[in-house]
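In what follows, a single structure is set out as C-alpha cells and then discussed.
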Amino acid sequence: MKTVTLEVSNRDTVNRRALEGFKGRRQGAHISFETPELLFKLLTMKRWELVRVMAGAGPLAIREVARRINRDVKAVHGDIHALLDCGILTKTDEGRVEFPFDTIHVDVVLHAA
C-alpha cells in the first residue's frame, strides 16, 4: 500500500527530509504546505472527493473521473489542474491523470495564536 502524507511543514523540515533522503534514508512520500490555510484552501470538499475516488484507481481520463463523481467535466477539469499544479495528482504520457497512492495521511498541528 502506497501512502502519501499531506502536511504543514516549514522550509527547515522539508530541507532536513531532503538531506536525509540524499543520504539514502527513506522518508516516505510527503507533500508539504507552508500553512494550514494553504492546505485547506487547495483541498476543498469536492477535491477531497475527487482524490478519494482516484486513490488506487490508476490513470484515468478526466471524463471518467467526472463520471465517477457525477460532476460536470469542466468543473472537474479545473479541480484536477489545481491538484496537478501542487503535485497531488500526476499526468501520464498518454494525458491521463493519476493519484499514485492508495491512502492519504494528513498531518496538521494547529498552535494557539
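Bear in mind these aren't lab numbers, they're just calculated from the coordinates by the rules spelled out. All of these numbers come straight from a predicted model, not from anything done at the bench. Note that each Cβ is placed from the backbone with ideal geometry, even for glycine, and that neighbours are counted across all protein chains shown.
Key figures
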| quantity | calculated |
| --- | --- |
| ³J(HN,Hα) computed for each position of region 47-53 - Karplus, 6.51 cos²θ - 1.76 cosθ + 1.60, integer Hz, glycine/proline x | 6, 4, 4, 4, 5, 4, 5 |
| For HIS30, distant residues with modelled amide H under 5 Å away | THR5 |
| For region 84-113 versus region 1-55, the gap between their alpha-carbon centres in whole angstrom | 7 Å |
| Reported label for calculated volume of the Cα convex hull per residue in Å³ given [x] 116; [y] 136; [z] 101 | [x] |
| Those lysines that a straight Cα-Cα span of less than 23 Å connects to LYS46, excepting residues fewer than 8 apart in one chain | LYS2, LYS74, LYS91 |
| Separation of the ALA113 and ARG25 label points, Cα + 7 Å toward Cβ, nm | 3.7 nm |
| Antiparallel DSSP beta bridges within region 5-113, as percent of all bridges there, nearest 5 | 30 percent |
